[in-house]
Structures are given as structure tokens and as C-alpha cells.
1. So how many residues does region B:298-318 have that are out of contact with any Asp or Glu (no Cβ under 7 Å at 6 or more places or on another chain) and either assigned by TED's automatic domain parsing to the domain that holds residue B:348 or of a type in the set (A, V, I, L, M, F, W, C) (or both)?
2. Whether any residue in region B:279-287 is within 14 Å of chain A (Cβ to nearest Cβ), touching a Leu at 6+ places or on another chain (Cβ under 9 Å) and over 30 Å from residue A:33 (Cα atoms) is what I want to check.
3. I need the full set of residues from region A:80-139 which are within 11 Å of chain B (Cβ to nearest Cβ) and among the basic types (Lys, Arg), in order please.
4. Tally the residues that are in contact with a helix residue (DSSP H, G or I) (Cβ under 7 Å, 6 or more places away or on another chain) and within 11 Å of chain A (Cβ to nearest Cβ), restricting the search to region B:172-196.
5. Surrounded by fewer than 24 Cβ atoms within 10 Å (Cβ to Cβ), at negative phi and more than 20 Å from the chain's Cα centre (by Cα): is that true of residue B:355 in this structure?
6. Criterion first (farther than 30 Å from residue A:79 by Cα, under 28 Å from the mean Cα position of the chain (by Cα), touching a residue at least 40 places away in the same chain (Cβ under 8 Å) and crowded, with 19+ Cβ neighbours inside 10 Å) does residue B:183 satisfy it?
7. For the subset of region B:306-324 comprising residues that are crowded, with 24+ Cβ neighbours inside 10 Å and more than 14 Å from every other protein chain (Cβ to nearest Cβ), which member is farthest from residue B:63 (Cα to Cα)?
8. Taking interchain pairs and intrachain pairs at least six residues apart, which have beta carbon atoms under 9 angstrom, with the first residue in region B:68-79 and more than 13 Å from residue B:114 (Cβ to Cβ) and the second among the hydroxyl-bearing types (Ser, Thr, Tyr) and outside any helix (DSSP H, G or I)?
Amino acid sequence: MAMTISFTLNGRPVSVEADGSRMLAYVLRSDLGLTGTKIGCGEGLCGACTVLVDGEATRSCTTPLSAVAGRLVTTIEGLEGLAGLHPVQEAFLAHGAYQCGFCTPGMILSTVALLQKTPKPDRQRVAEALDGNLCRCGAHVRILAAVEAAAAKGGAR
Amino acid sequence: MNRRDFLKATGAFGLFVTFPLSGAVQEHAERPGYPKDFNAYFRIGPDGRVGCFVGKVEMGQGAMTALAMLAAEELDVPLERVDMLMGDTDLCPWDQGTWGSLSVWQFGPVLRGAAAEARAVLLQLAAERLGVPVERLQVQAGIVSVSGAPARRVGYGELVQGKRIEKHLADVKVKPVAQFTQVGKDAPRKDGRAKVTGTAKFAADILPPGTLQACLLRPPAHGARLLSVDTSEAEKLPGVRIIREGDLLAVLHVRPDGAREALGRVKAKYQPSPSTLDDQTIFEHLLKAAPPARELVARGSLLAGEALAVQRLDATYLNGYVAHAPMEPHTAVAQWDKGRMTVWASTQAPFLLKGQLVQALGLKPREVRVITPYLGGGFGGKGGCPPALEAARLARLAGVPVQVTWSRREEFFLDSFRPAAVVKVRAGLDKGGRIAFWEHHVVAAGDQEAQSVYDLPHQRIQSSGGWMGGNPPGLHPFAIGAWRAPAANTNVHASESHMDALAALAKVDPLEFRLKHLKNPRMVGVLKAAAKAFGWTPKAGPSGRGFGVACADHRDTLVAAMAEVAVDKKTGEVQVKRVVVAQDMGVVVHPDGARQQVEGCVTMGLGYALTEEVRFKNGQVLDENFDTYRIPRFAQVPLIQTILIDNPGLPAQGGGEPAIVVMGALIANAIHDAVGIRLLQLPMTPERVKQALKV
């Protein structure tokens, strides 16, 4: 049923007229034109659609729009600040922590959420936090290095 | 400036401008072949930026950066001033497709040659402009100046002014490796910033105004025939359009989730698939139904070799079907406008797809344009792009742009899998512990790398069927095709496993056993380099250490790998702790890019070695998403060390595939070394490991 749902998207208030049971990923991409959020599996199994909801890494392809009413949603488009790239983006760039780039927005947002909670995670903690973010190209070792580098620089901005 | 003015202004002979190029549609020859005219590859703008147009695509492998480096090197311009435009059939010269590790090895020389000629012509132009002979000129960063008088200078941009250069030179030599200033050094990837900021556009991100999303009705199983369909419930949803033409039934909606929801309301009845095969019975079937064997190698006499053998070892190696599972599902958006079809497609082969569209739609070549945005992984699975044909058909019928994005279920159902295969290897050892004879017969995988890299006097190599086609109908219950290093993964799994088993039979260290049978000094070189970095100490297997070794010759890129694994005897879980890869790929264009490809090969290879296999029954694909089809994850990833052998004497070879071909045997050999079991079937799942430990 169509309703008006308001939330904060990348620092700005938005209101969407939509059925609240629709999944956030489709609303972001189709209704709001933010295509940086990718859909890889549609069932919350690959992590490409990861966004931050109140700072938590959240699978937007299985999160109903109604669930984000009144909350803070951050997509990859909202990560770059006035000061430039987010430290996690900088670290991914510096370490070549991407190949095809399709999983990258979700990887970066999962990493941001991890470092906000656990500023100095060990490798096992990183592997656990990113377990649901799949990469088929095999950029894993670079991503691990990038996460560690971002953590060393205080990646939770 | 018209042609006459330009000639007057430059006083140039034979060099003139025909038309300004911005926005112009090139009519490239439809005949496959790389154009000889360097203008097809380069446009130099008034600001001196170089537009480099290539028909290859960027799918994560780094071709955008490596090819830009080659162009920058030959033209003597900084890499950051080269702008790549790839995979657009209107703007880029023809290309066969991006696969087989060919971009640098095969296409690189074409691009270098074109750039070298362009540079030589630019120098002549500059000589005329500056009034000195070419020999007195030097080029740095796209600025030509007179030696000893650096104030007398002119930039490429000023010379060309964004126009076409109508002068050509024959026999221009490319730069010798020793003079490289950019190739061989690490450089930031051209696609990096777009990818970390989410601005990189993939096919699903391209939405011309008015685009409708289409979901197509698919059968529940391969071979199931549609009996009846009822779309009335779907039609009740607002904004839904149904299009049916022949075998195609599509539900269209402005939003992808709207189209998917509506498709869920379509009721269809099917006659079950006649297929009775499943992932257990497939191997017997392949052996029975495969076409007759072709002989690839016959050397010496198997009979004579067998007579010399004092110990024999026969084994049958099995590989299941493996999915490409790129993170980006197949996607295309088609726009039919004023008699022209423009298709943005996730494809590795835009020109091949263009030909398919021309044929399927009954259009003329100039009426079809394929544009390839960033590709979210290919691995051989996007050689075609069926949704492009579906979207184009629908766009013409609907009169609006149409996007088709496969769901993950469709991706697993419609993928062209790496074929399941059987490899039978028979071999024996003579009194001296050398291989007396060797017979390798591969069924259903294909020919690549079936040939042994070892010096074997008595051998026969045969191949029946394969991924390239020519198989009897019904050999496979679904589509099969190229999968990163097609056939090679399967053949090397068998041959390098068997080498290891023979070494164990001979009670000889597996590295030593290999070296004893090798003549190729480059292969000896990579094995020794890997051993040094790994810290290999000789010991016959199984040593209990969990060390494995394997090597391969992949299209003249030589690769040797060593691994250390731990096997949990209770759970059957295999943890690969570290992998060392030594690779000799000739000139290394972009070392960090090459290392990324090796790491990608090792990581992706863990999947087919340990967890990945498509399960199916009666035409139905049982794995539909990543919950049951397990691709490698962070916790599985080992430490990876890559050694790139310095070999400037050999032109640059491919690097996107070589290291993946050793992964099956490498891990099988390490498991054997750890716990003394020899697994003959991939993937080596915990269940199979436990089963083998029991026996």
C-alpha cells in the first residue's frame, strides 16, 4: 500500500511515496536514482546492496522501506564528504582492493560499519564482518589489507 | 579549419584533416580484423589528452589500465592523460571479445604498433612545424621540442587539434623494452575512483527515460515444455504490461521489483523435463555419450613404454559443473529509436553481440550499436549476453526502452557452466623411477592443456568433446561454455594430481620428481622460484606437512604454485593457509595488475577446488543462490605471495588465467601430503574428505 515514508538519506531528509513493503534497494535505485547500491542476489546473500542504517551494515535488498522510516540511511554516494573520499574509500583505492567493482560499494560500507564498532579489528574479526560480502574476482587479500590500513589510520570517520 | 586551411597552416604534405571527430559515428569495417589506421585507436584533443578507443571491455581484470599504459608508453604521454573508451561498437575498432588472457598478449602489440606509428607521424608534423629534421626532436609528456633548444616546442594537442591524421608511415618500430619508462611500473588503476565512489556505471545503472523493466517467464527445468499459461492475476497489478511473442513471455513494469512481483503471479503449467540425469549419474553418461576421441599427441609407443614399466598407476579424475556466478548478473537495456537499436549490455564481446542482434532482429549492421559499460565480472560466462537479445526484441515490441536483468536464480539456471568432465590417466614408472608411459584421455572438458608439460618419451593424449561445442545433443542437460581458462583447469587437475601420485609411488619428493622430467628451463625456473619463496624442503609425500606443488604452461605463461593446507580430520574441512605463485609471463606491463590477477586466480580457484559444484536433477538446477552454492569467502582466503619472473626477452603474455589452472591439483596434492588421501573428484568437499579418510 502506498504511503509516505520519510528518512534521512546521505544527510538530507527525503520522503518517498511508495508501498512500505518494497525493499529499500529497489527504492534507492529506481525511485531515488542512487545506482551505487548494487543488487547481486536479491535475497541478502551477497552483500552487494549493503547500506548503513543508523550506522549498521544492512542488506537493503531484504530491508523493507517501512523499516527505515525516521532513520539515517547512508549509501556509497553519501560517503564522500567535503574533505574528500572517506578514509575507507582511500584505503580501497590505495590497495587496489577491487577488481570488477560490483561488490565494492557494499564492501566499503560493511567496512565503515565494522570500523565504527571495532576500530582495531583483528583479521578474524574482519573476515567475520565481511563474510556476507561476496567478491567473485578474488580481491579478498587486497580488501583485507585495505581494511587493516584504514583501521590503522582511524578509519571510522 | 577546413582541409585546405589546415594544409596551408601546417605546410604539411600528405597530412590533412578530413572531418572533426567529436560525435561522429565511425563506420568500421564489419569484417573482423583490427584496423590498420591508427586513427581508429587514438584521438588527440586540443588539450593534448589522448582518447584511446579499444573494443576490449573492462571486467575487473585491469585491461583499461594495462592498455592505457601501453599507449602512453609508445606515444610518450603521461598515463593520466590517456582516456580509455572501451567496448562501444560505434566508436571503437572491432575486437573479437575479451577473454583468454588475450588483451595484452594478442591485442597489446596491435595497440603499441598503432601508437608507435602515430608518434612517428606526430614527430614529422612537429618537424615541419618547427622547421628542423625529425632527428633533432625529442618528446616528453606529449611535448615535442628541439634538442638543445627546449623553448622551440609544440604539443601533440596543438599539432592535431582533435582532427584526424591522414598520414601514415610504414615499418615504424615499437619501443625496445629497455627504453620503457611507464610499462613495468605500478600505476593507479584507471577505474579505481569510479569504483570506490559508486559512480562506475554497470548495465543495470543505465536507464534511458521511459525504460520499462522486464522479467521473463522461465521453465522450472531445462527441457520442460510450456503447456499453458495464465497471466490474468499479473495483469490486475497497476502498471503491468505483458508481452508475448512466440516462446517469449515477458512482464514489464517501470520498477524491477514491480515486474518481478507481477511475474510471480503468472501461472504456468509445464510438461516435465525428459532429462533423468543428476550430478551423480552425469559421469557415466558423459563416458557413454561423448563423441569419439581425437588424438592430440602420439609420441613414441605406448606398448613399448608399458613394457618398461615396473609400477603402474591408473586413475579417473572427475570434475563437476561449475557456475561463473559473477557478482553482476547478466543485464542489458535496449533502446529502439528512429530505426536504430542501441543496447547497453554486460558482455565480454560487444562486436559478437552486435552481429547476433543484427541477425536476430533482421537489421543492418549500421542500425545496431552495442555499448559495454563496466562489467561486473565475466570469467567466460558473458561471452554472449542473452538478455540483450531479449531486451532488444522487447524494446521493439513495446516501443519504449526495456531493461532485462537476470535474477540470481536465472543466473544459475541460464549460465553456461564449466562442463562436468572425466579424465582417465594411465601411467607407469620404469626401474629408474622415471615415467615409462603416459596416457591422458579427457572426456567433455576440451583440449586445452591436456598435453603434458613434461618430457615423456611414450605418450598418448586424447580428447572427446569439450566446451567449444560439437557435442551430440543431450550430452549436457543445460548450456555449457568457457569458464576462466576453459578445459585447462580440468586437464591440469588430472595431470598434476597424477604426477604427484607417481612421485609418491616412486617415494620421491614431488618437486624433485617434476624437475627430473622437465626440459623447459622456464618451467624449471618458476618451480625453483616458487620453492625458494615457499621454503620447500624435499620430502616424499605424504610428509604430514600439508605441502603441495603444481605447475602449468598456460599459453606460454608458465606458472608454478606451492601451498600449505591443514585438514581437519573430524570435519573434513580443508584450510589453505598459504599459497606461493611464481609466474613467468614475459614482459610484465602492469606488475600490480598482474599480481591482482594471480591473487584473483588463487582465490577463485579455491572455489572449484573445495566447494563449488552445481547440483541438478531431471533438468532442474538445484543451486539457485549463494546460500547453497558456496563461492570463496574471506575466512577461506590464504596468504598469497606472487613472484613475477623478470623476463624482458619474451613479449608480454596473458595473466588473467594462468594461476587458476593449477589450483585443483595444488590443493589435492597438499591434502595428500597432509593426510595421505588422494581425492580424485572436485570439489573436495568436507564430505568427500571424510569419506576418503574412512576408507
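1. Of the residues in that region, 7 qualify.
2. Checking region B:279-287: not a single residue is within 14 Å of chain A (Cβ to nearest Cβ), touching a Leu at 6+ places or on another chain (Cβ under 9 Å) and over 30 Å from residue A:33 (Cα atoms).
3. Those that are within 11 Å of chain B (Cβ to nearest Cβ) and among the basic types (Lys, Arg): A:123, A:125, A:136.
4. Number of matching residues: 8.
5. Here the answer is yes, as residue B:355 does meet what is asked.
6. Numbers: farther than 30 Å from residue A:79 by Cα: yes; under 28 Å from the mean Cα position of the chain (by Cα): yes; touching a residue at least 40 places away in the same chain (Cβ under 8 Å): yes; crowded, with 19+ Cβ neighbours inside 10 Å: yes.
Yes: the conditions hold for residue B:183.
7. B:317
8. So the pair list comes out as B:76/B:181.
The values are calculated or read from the model by the stated rules, or taken from the named source; none is laboratory data. Please read all numbers here as calculations on a predicted model, not as lab measurements. Cβ sites come from the backbone with ideal geometry, for glycine too, and all protein chains shown count toward neighbours.
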